[in-house]
Every structure is written in C-alpha cells, then in structure tokens.
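Dropping the structure in here first, questions after.
What follows draws every value from the coordinates through simple rules; no lab data is involved. What you see is a predicted model; the values in this text were computed from it and never measured. Note that each Cβ is placed from the backbone with ideal geometry, even for glycine, and that neighbours are counted across all protein chains shown.
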Amino acid sequence: MADAARLIALVPCAGSGSRAGAGRPKQYQSVAGRPLVEHTLAALAAVQRIERTLVVVAPGDEHLACTPRQEIARCGGATRAESVCNGLQHLLAHGAGAADWVLVHDAARCLITPALVDALIDACLPDAVGGLLALPLPDTLKVARADRAVQTLERGDKWLAQTPQMFRLGTLLAALEAHRAAGFAGITDEASAMELAGHTPLLVRGSLLNLKITWPQDFALAEAVLKGYAR
C-alpha cells in the first residue's frame, strides 16, 4: 500500500485571522513582499515528493489562482477542522485514494522549510499511523484563574504541536467525520481527531521557527526570518 500511495498537501486557508489584528485575513497580509500564504505554498511546492497541493479557501474567495501543482477548493467551513474535512472529501472526489498520504499544513505557518517537510515524510512513510511535527515544551507551564497562576504542570511529557500533520486520507477523514455532527468540538488539529479515534500519532521534532502567525508582532518576526532565508 505504501508503495502506491501518493503524497498530497492540504492547506486550510479559510480563516479570518481575527487575533492577528489585521484588516484582512492574515493569510493574505503582505510579509516580505508577498502574501503570507504564498511563502507557505512556495515551501510546499519545493518538496518534489508532494504531487499536488489543495488549498481550501472560503466560498467566494478569489485571492489565489490554480497552478499545475496547486488546486483551489472553495469549500472552507466555519472551523479549521470543517475546512480540512471538506478538503479531504474534495480530494476523494477528484482522483485521490483513501490510502494516499495527506500532509495538512497551516496557511499561517509560512516559515516551514522543505527540509522539515522532508524529515516528516521520511519519518511517517514507514509508520502505521503517521504523525506530526512538534517540539518538546521548553517553558514552565502554568494553570491560570483570573490572570493568576494557581498551579504548575509537569512539562516533561508535553509537546507543542505544529504542522504539517501527515496521515492516510481515508483514516483521517473517518476520524474527522466522527465529530461533524458535534461541530468538531474539541478537534484542534488532525492529530487530536486521530487520537480520539484510538490512534497514536508519531511526534517528529520540528523547529522553533515553524511558528504559526497568530499575533500582530508575529508578522515582523516572520518578515525578518524570511528575509534571512533569501540571503
């Protein structure tokens, strides 16, 4: 099955980016001279083993255009999980197979590198489940109530999840569909859906630079890093 399986990237790109404090969805904000999401897509396009990339945008979104290796599906949902689930269904309806590997990557993680994606692929291809980029938690973790720290949690077994997250299309779709009726409550990423379905995703060490652009100050950091990549 692994020999015949293809590698497909799926980029959910339908969010509003409200926490970023921008006047438009953060994925279309200019960073280092081009829309943020274009940096993300360029990094994925540089991974030769990825045969096709599906970008899931909101209905009516005309910001992006199709290319030979980049498809646009205007089937984004109200949540990230719904957008991914709809995107997986779109792939199945347009030539992908249930055994194909899908690498789901956040549009706002524009500092991903082809080397990190290749490392994830190498680790996951022989694995029965698949996995995700992640980093061991480096800082002390607090429980807060009303802006007061009330407890310190053990961090030795805690990891920060990143993307891409790589799983078999059919298995991931089933794991997500199980939560559609509940509005995907509790599903914060693909790995969380897989865990609830009884799977144990592989943790593959990512990079501190593979951050998700979330807050206004993240844009300046991303711009500095991207300009450094270009030197």
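Once you charge only the Cβ atoms, +1 for Lys and Arg and -1 for Asp and Glu, what is the size of the charge dipole of the chain about its Cα centre, to the nearest 20 debye?
Roughly 560 debye for the chain.
Grab the beta carbon distance between LEU137 and ALA197, set R0 = 22 Å, and tell me the FRET efficiency rounded to 0.05.
With a Förster radius of 22 Å, E is 0.35.
What ranking of TRP101, TRP215, TRP159 emerges when the number of other C-beta atoms within 10 Å of each C-beta is taken as an exposure proxy, fewest first?
Least crowded to most crowded, the residues run TRP215, TRP159, TRP101.
Which of [x] 52, 43, 37; [y] 42, 39, 30; [z] 60, 52, 24 is the computed Cα extents along the principal axes in Å for the structure on display?
Working out Cα extents along the principal axes in Å from the coordinates points to [x].
Say a paramagnetic label sat at a point 7 Å from the Cα of CYS66, along Cα to Cβ; which residues of region 84-121 have their backbone N under 20 Å from it?
Counting backbone N atoms under 20 Å from the label point, the list is 84, 86-97.
Can you sort PHE184, PHE219, PHE167 so the residue with the fewest Cβ neighbours within 10 Å comes first? Don't jump to the answer; show the numbers that get you there.
Details: PHE184 23, PHE219 20, PHE167 26.
Lowest to highest Cβ neighbour count: PHE219, PHE184, PHE167.
Another one. If we count other beta carbons within 10 Å of each Cβ, what is the order of LEU173, LEU221, fewest first?
Numbers: LEU173 21, LEU221 15.
If I rank by nearby Cβ atoms, fewest first, I get LEU221, LEU173.
What is the diffusion coefficient of region 133-183 in µm²/s, taking the Kirkwood radius over Cα pairs and the Stokes-Einstein relation at 10 °C with a viscosity of 1.306 mPa s?
Stokes-Einstein gives a translational diffusion coefficient of 113 µm²/s.
Still on this structure: With springs only between Cα atoms under 10 Å apart, run a GNM on the chain and tell me which of ALA65, ALA43, ALA174 wobbles the most.
ALA65
Please name whichever of ALA224, ALA185, ALA197 sits farthest to the positive end of the charge dipole of the chain, dipole taken about the Cα centre and charges placed at Cβ: Lys and Arg +1, Asp and Glu -1.
Farthest towards the positive pole: ALA224.
Right, another one. Taking amide H positions as placed in the peptide plane 1.01 Å from N, state which residues far from VAL31 in sequence (5 or more) or on other chains have amide H under 5 Å from it.
The answer is LEU36.
Explain nothing, just the number: relative contact order of the chain, from Cα pairs under 8 Å at least 6 residues apart, as a whole percent.
Normalised by residue count, the contact order of the chain is 24 percent.
Something else about it: Obtain the nm distance between the two label points defined at ALA78 and LYS212 by a simple spin-label model: each point lies 7 Å from its Cα along the Cα-to-C-beta direction.
For the pair ALA78/LYS212, the computed spacing is 2.0 nm.
Which residues in region 81-103 place their backbone N less than 18 Å from a point set 7 Å from the Cα of ALA4 along the Cα-to-Cβ direction?
92-102
Here is a further query. Taking the Cα centre of region 145-222 as the origin and placing charges on Cβ (Lys, Arg +1; Asp, Glu -1), which of ASN210, GLN151, GLY170 is farthest toward the positive end of the dipole?
Final value for the positive-end residue is GLN151.
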